[in-house]
């Protein structure tokens, strides 16, 4: 029996089982009762599952009790292997922030004042948007505004 030494090993087990069993992220999300976006992030090692959620994930993916325990540990967040992403899809997000980041910042500050958009009190929705010229990826990011406080 191999001992698991970090959360990335469990992510690998989940991905392997997902491929071999033909599991869809949306189906996993339905089983635990959360969004496909949060559930996928958690399965990929970026969020912490509760014990009941981890047990459901364990059953779906055929994980050991040890792996299920790792799903309940707060992970080290941030999964990109390099500062500038090399995966083409992720790089396009990096490119969007490089091009539009200052615009997003200016418009948020103009509307809300000095602060940030939370990635903790946050939700995301990704949908396919049919279009005759080629389907579009529709992404909605919603984060609580957190103003900087004075003291």
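Kindly indicate whether any position in segment 37-49 is touching a strand residue (DSSP E or B) at 6+ places or on another chain (Cβ under 7 Å) and under 25 Å from residue 128 (Cα atoms).
Our first condition is that a residue be touching a strand residue (DSSP E or B) at 6+ places or on another chain (Cβ under 7 Å); within segment 37-49, this holds for 37.
Checking which are under 25 Å from residue 128 (Cα atoms) leaves us with 37.
Yes, segment 37-49 contains at least one residue that is touching a strand residue (DSSP E or B) at 6+ places or on another chain (Cβ under 7 Å) and under 25 Å from residue 128 (Cα atoms).
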Scan of segment 77-105 for residues that are surrounded by fewer than 10 Cβ atoms within 10 Å (Cβ to Cβ) and within 20 Å of residue 37 (Cβ to Cβ), ordered by number = 78, 89
query = Would you call residue 108 surrounded by 11 or more Cβ atoms within 10 Å (Cβ to Cβ), closer than 22 Å to residue 125 by Cα and either touching a helix residue (DSSP H, G or I) at 6+ places or on another chain (Cβ under 6 Å) or free of Cβ contacts under 8 Å to residues at least 60 places away in the same chain (or both)?
reply = yes
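I need a count of the residues in segment 44-69 that are more than 18 Å from residue 119 (Cβ to Cβ), under 17 Å from the mean Cα position of the chain (by Cα) and surrounded by 15 or more Cβ atoms within 10 Å (Cβ to Cβ).
4
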ask   = When you scan segment 111-142, how many residues do you find that are in a strand (DSSP E or B), touching a residue at least 24 places away in the same chain (Cβ under 8 Å) and farther than 17 Å from residue 36 by Cα?
value = 4
query = Within segment 71-105, how many residues turn out to be at pLDDT below 95 and touching a helix residue (DSSP H, G or I) at 6+ places or on another chain (Cβ under 6 Å)?
reply = 2
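Residues checked against (1) in a loop (DSSP other than H, G, I, E, B); (2) assigned by TED's automatic domain parsing to the domain that holds residue 139; (3) free of Cβ contacts under 8 Å to residues at least 24 places away in the same chain:
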| site | (1), (2), (3) |
| --- | --- |
| 23 | yes, no, no |
| 26 | no, no, yes |
| 41 | no, no, yes |
| 49 | yes, no, yes |
| 53 | no, no, yes |
| 63 | yes, no, no |
| 66 | no, no, no |
| 82 | yes, no, yes |
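Just to be sure before I move on: is residue 34 closer than 24 Å to residue 124 by Cβ, loosely packed, with under 12 Cβ neighbours inside 10 Å and either touching a residue at least 24 places away in the same chain (Cβ under 8 Å) or not assigned by TED's automatic domain parsing to the domain that holds residue 126 (or both) in the structure I sent? Talk me through it step by step, then tell me what you get.
Details: closer than 24 Å to residue 124 by Cβ: yes; loosely packed, with under 12 Cβ neighbours inside 10 Å: no; either touching a residue at least 24 places away in the same chain (Cβ under 8 Å) or not assigned by TED's automatic domain parsing to the domain that holds residue 126 (or both): yes.
So residue 34 does not fit the description; no.
The values are calculated or read from the model by the stated rules, or taken from the named source; none is laboratory data. Note that the coordinates shown come from a computational prediction; the quantities given were computed from them, not determined experimentally. Neighbour counts are summed over all protein chains in view; Cβ atoms, including those assigned to glycine, are modelled from backbone coordinates with ideal geometry.
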